[in-house]
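Beneath this line is the structure, given in structure tokens, with notes to follow.
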Amino acid sequence: MEKLSTTLTSNDLSICINEYFTALINCITSWSGDVLKFAGDAVFVSFPPTSPSTEDPILRLALAARCAEAIVTTLSDYKPTLSDHKLNVHCGVAFAAGKFHVVGAPNIPRAEILLVGEVISAVAEAEVQAGLGEVYCCPATQQALGSRSSLLCSRTSPLNINLYPDPPPAKSIEQKLTASQQVSVALKPFAHETVIGTLEDGGTLQPELRPVYTIFLKAERPPGTELNQEFLQRIMEISGEEVALAGGNIRQFILDDKGMVLIFTFGLLHAVFKGMAQGSIMFSASLADRLFGELGLRIRIGITFGHVYCGIVGSPTRHEFAVMGSTVNLAARLMCSKCDDNKAVNIVIDEATVDNSIKSNLQFEPLEPITAKGFSEKVKIFTIVTSTRKPARRASTTIFTGASFSVAEGEVVNNFVGRSKELYDILEAKEEEKARFLTLVGEGGIGKSTLALKVVEEMKDRCEEKILVLSGQCDGRGILPFSATKRIVVSLLKELKADSVRGVKKLAEELGFASDIVLPTLNLFGLSMEGGEGKVVMKDIVSFVAALFTLPTPRKIIVLDDAHDIDTDSLALLRSISQMNQPITGILTSRRTDGPNLTKTYNLPPFTEATITQMLLAEMLSSGSTNATKTTMPKKKMPEKKPKKKRASMTDKNILSSSSSSEGNHKRSSLAFSGASVSADLLQITGGNPLFLSEVVELILHTDLITRGGFRDAVEWREDKKEEREAMLDVVCSFNNVSELILSKLDVLSGETRFFIQEAAVIGRCFSVRDMHLLGWNEQDIEDCVTELEEAGIVEEDEERATDNRMMDAQEDVLNVPHYKFSHQVYASSIYNKQLSNVVSKVHLRYATQLALHQKALNQEPTNSSLAVQLQHLSATTKFCKSAAVATVLAERYSKLALYEYAITCCGLALATKSDEEEDEAEACVSRIRLIVQQAKCHLSLSDKKKGTELYEEAKSLYDQGFAGGIVQDASIVFPIISGLTLALKWGTIRDDENATFEKNLVNAFIESAHAFGDMAHVTRALALKGVMNQRLGLWEKALEAEDELEECYDVSLTSKICEAYGSDRAAQSVTLSPQWVWVMEGKKATQRVEQALNKGVALLERPELERRNVHNKVMMLFPLIALWFSITDKREENMTRAKSLWQKHVVDAIEEFYDKESKIFFTSLLLPMKFFLDLAVDAEVCAEEVGERREFLLDMMESRSLEDGTFQTMDESE
């Protein structure tokens, strides 16, 4: 598994290892084996007597041998789902004396089972000899089994022993459950503290990625020391005492042929605390000193820091809590790296741990960099040289939430400090109209939203007239038009009392816009499901919506948060509004300097020492005392709830409860702070980030650590609380940024609430009760979790979003349910990013699936917004086919509306979705091709011929690979590709030679694949395309040959299948087109052969199998016949009378029968010009003036109309 750990993420590594371990453990248990211990990528297995029939030790040894044989046979060259690397296995089997010891540390409590004795060295001797896919045994085992060799078997050679037992019967599920219930109490000490804590919390242990310090300790006992119960117990006791004092966890105690190894961690759930970097180092030094001083053990330690997988490893029936990742492996390598043999204790530390300890007084000495597996460059390592190596007591951390501000709520900003200059500059610019639209730019948590809200508040105070604040927030999806400005426009319409389609049409009339623009506009903004047919001219809609802002209302202020994620149409709308001569101002916030460039940008810097001092003074003043007293930020008064059962833990105590005690020899090392300037220290800690500062300042006020100084506007640390101050600073210094501090706040929540907020973060920054219902949460649990989260300041009610849903045409089940949102985007992103991708993927899939089922149960057609939400979630899963299905529907809707950019984005989002092994390979391949073709068509509609051609070529390449590999079994996907590439040839974006070799090969490939699938509907379509190609190339005889071949295999009964695949019957259309080829071959004379061809075409046109409703098909069949009849001048009047009759019957009458007057189908626009044309051809007495009018109209229509295959038919005046 070494290669996996260096090539996969921690998340994917866990999936692969658990997949392999599940197969391995299933094999072991099927032979009555018992997994004693996991040791990295190895497992220790014993075969205890499970029944009277297995009391014989030789029988159990034979079972072990057969189990090993089954393992190497089935699990050699194993390819995990998520990796191309193959896993291999080898086994050692031993039969020797051994003894089990149970050692524990009562102060944790934590226990381990250790196996000692000859059996350890015997099995190690056998395992070392075994190569990949081999099973070796020790000499005693060889003799007991009667084997000819110590090589018992391999993956290619069978087991050869005297005793060859069958696998014993497996225990039933009922027996296993009964057994597990009986021993649950006894097993508790052997489970990891994180697991016990989570289960006692009432939660479910969720795997996650966490920043963790990992410590590997190897203990070498003095020669002659016996590994007895007392000795091993003392090692465990000392380790337990030290790790409990330091605030870490014992991961594992391993005893094998290499010696004794203990693994410790700092930073797991409920174990995030003050100064973990220096704490882990001092703990290691203190533990090493005690183990050497009391037991004479020589110690080698490796310490590393990094994000690792924390969760369950193993199979559903046998597993344990583990930490995994490259830094865990590195800690083991540092432990085994070259050391100073003259020292009894060697501690090797990685660079990341040293970097995180720079605020301590620890001193480090660099060592020679080492080469480590999985690292491309040499790893920098260090050792500790300071004598201050005693660990501090762990302080339980209760982190308090600072105030949160939201632009969307219009709340009042209390105790606004630190941005006076910025506020003044912006207000002055606004009053002088130098920056009617302004974008505030800065990193997350810098205070953009708070400043924007304060600007609005000040503008309202300065203005005598009423001000209308229209606020919104970008969602970052990019797959919904006007997603960023939807709430802004909804609020404006509410102010204008336009709460119905009729009301908006009245406004359109008042503004001079046609009423038919209203329905498409409301449809795009999610305000109506009516209409939506026909193409949308986005430029006109932007103009109409912008014009709404000119209507009489109070002075308007537009506030848009997170504008770095703005969609293109919202940006166009805001730009149009900003250019109007109207008293409208706008304030946007963005994290990027390349965000929306409307007028001006204002970059927000971090806080300085002076502004931090202002912040401290303001908070102290609000507490009502010159000294800071215990206080917290004001919170909403919540209704009384039934108290939740919560596990008591150190995190529930005051932060200083354990650190303020002076008992014991473990004194803290002082931090590298001035101790005098509070502002300077806080600036060093937080980098001047206001959100980080708000968390720290509230913690300072809660613990009453500061006071007014001797000078005016000075704030100082309280000298009488120096130890408390150092404890508090150590807490916040253990976090590298505000995200890590926020994650620590989650650790003090109940297990159920942590699980709840993790799933809520997957939904997005905003979520509703209905959303959580879809994920399986009941009403009471939602209420309890939300209450705890509101009290922690992590979420707050989103009343405005609920109001918006009542205005919009939302589904009934979301109209009156509570809506919530994270109090800051950093909360949502931090919680989301800490979760494992496979866990997040499952939540995304569950939500998207339940949302679709929910809408189906309501018998509601999903809106574009609902489909966009489904697509957003499915694109984060490994279900490509599901994502592609939703994207296809949404892209087709957008294409019909001429919203091609959004269709392209939808397809791209689906194409980026991963695909797992459970998906059908053929379906996935065809779906991928269809999405690419859809993108190509959209690019062509946007006149991007080059990109369209590239996509068609990509689709052709994918199809060729799928066809050659026997994956693709659907010939219908070939035609759009062939058609697109044929167009590319006409445009010149693909070059062909004079013999049209590329095009011929293209068409022949279509025919070949259609024949290969044996589907005559596609074969006839391919032959029709061949005939048209030869016609275009002037190869009339070859065109007729293709037509003859087509007619041999074409049957009119195929028409419905052809139309289903291609929209119309191109084979039938080829039959009515071929008379023109005969006409040319006959020298453009009305010969009998031409007449026969015409009659054959008319006969096919009249066949009842051709659906009358498919007017498109009939028109395409009639056009070439009408054109040829018109060309036969000696029978023109007779032929055109016939043409007029057929046109009336198959086109005009069919449209009147199947379509109403409001229907917008393509051929309704041809009715009038064709009537003019046919009347003109039949009636030669039409007056000259009317003829001229009809002729010009007809020419204009024919020149502007694009036929389905992309060619343009034009007619000159002579015709």
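With 0.36 nm allotted per residue and the present C-alpha distance subtracted, the Thr997-Glu294 stretch has 244.3 nm of extension available. Rounded, prolate or oblate, given the Cα gyration tensor of segment 267-318, with a/c below 1.5 counting as rounded? Because a/c hits 1.5 or more and a/b fails to exceed b/c, segment 267-318 counts as oblate.
Calculate the FRET efficiency for Glu428 and Ser1056 from the Cβ-Cβ distance with a Förster distance of 51 Å, rounded to the nearest 0.05. If you can, show how the numbers build up before the last one.
Values: r = 72 Å, r/R0 = 1.42.
Efficiency computed from Cβ-Cβ geometry: 0.10.
Calculated over segment 1105-1145, the projected area of the Cα convex hull averaged across directions stands at 2.9 nm².
When you count the other C-beta atoms within 10 angstrom of each residue and take the mean per peptide, 453-466, 1005-1018 line up highest first as 1005-1018, 453-466. For segment 212-217, backbone phi angles converted through the Karplus equation (6.51, -1.76, 1.60; θ = phi - 60°) give residue-by-residue couplings of 10, 8, 10, 10, 9, 10 Hz, Gly and Pro being listed as x. Taking a point 7 Å from the Cα of Glu919 along the Cα-to-Cβ direction, the residues of segment 871-885 with backbone N closer than 13 Å to it are 874-885. Dipole of segment 451-505 computed with +1 at Lys/Arg Cβ and -1 at Asp/Glu Cβ about the Cα centre; of Ser471, Ala452, Val501, farthest Cα towards the positive end is Val501. Normalised by the number of residues in segment 823-882, the mean separation of alpha-carbon contacts (under 8 Å, six or more apart) gives a relative contact order of 40 percent.
One quarter of the convex hull surface, Cα atoms only: what value does that give for segment 77-158 in nm²? Display every interim value, and only then the final one.
Working: hull surface 33.0 nm².
Across all orientations, segment 77-158 yields a mean hull projection of 8.3 nm².
Report note on the peptides 318-326, 547-555: ranked by the mean count of other C-beta atoms within 10 Å, highest first, their order is 318-326, 547-555.
Quick one: of Lys1038/Lys1085; Lys834/Lys956; Lys834/Lys946; Lys539/Lys1145; Lys448/Lys879; Lys721/Lys834, which pairs are farther than 31 Å apart, Cα to Cα? Intermediate values should be presented prior to the final figure.
Working: Lys1038/Lys1085 20 Å; Lys834/Lys956 40 Å; Lys834/Lys946 41 Å; Lys539/Lys1145 40 Å; Lys448/Lys879 38 Å; Lys721/Lys834 35 Å.
As for pairs spanning more than 31 Å Cα to Cα, those are Lys834/Lys956; Lys834/Lys946; Lys539/Lys1145; Lys448/Lys879; Lys721/Lys834.
Restriction of the trypsin sites (Lys or Arg not before Pro) in segment 482-519 to DSSP coil positions whose beta-carbon has at most 14 other beta-carbons within 10 angstrom yields Lys497. Note on Lys466 and Thr156: the extension gain reaches 103.0 nm, defined as 0.36 nm multiplied by sequence separation minus the Cα-Cα distance.
Packing order of peptides 213-220, 762-769, highest average first: 213-220, 762-769 (average count of other Cβ atoms within 10 Å over each peptide's residues).
For the pair Ala610 and Ala23, a Förster radius of 60 Å applied to the C-beta separation gives a FRET efficiency near 0.40, rounded to the nearest 0.05. Fully extending the segment from Lys856 to Asp1044, taken as 0.36 nm per residue of separation minus the present Cα-Cα distance, adds 62.8 nm.
A simple spin-label model places pseudo-atoms 7 Å from Cα toward Cβ; at Thr317 and Thr74 they are separated by 1.0 nm. On the basis of the beta-carbon distance and an R0 of 22 Å, Ser376 and Asp41 show a calculated FRET efficiency of 0.50. Working from label points 7 Å from Cα in the Cα-to-Cβ sense, the Arg1132 to Glu118 distance is 11.6 nm. A simple spin-label model places pseudo-atoms 7 Å from Cα toward Cβ; at Ser1141 and Val1080 they are separated by 3.1 nm.
Every read-out reported here was derived from the displayed coordinates using simple, explicitly stated rules and does not represent laboratory data. Keep in mind that what you see is a predicted model, and the values were worked out from it rather than measured. Heads up, the Cβs are rebuilt from the backbone with ideal geometry, glycines too, and the neighbour counts pull from every protein chain shown.
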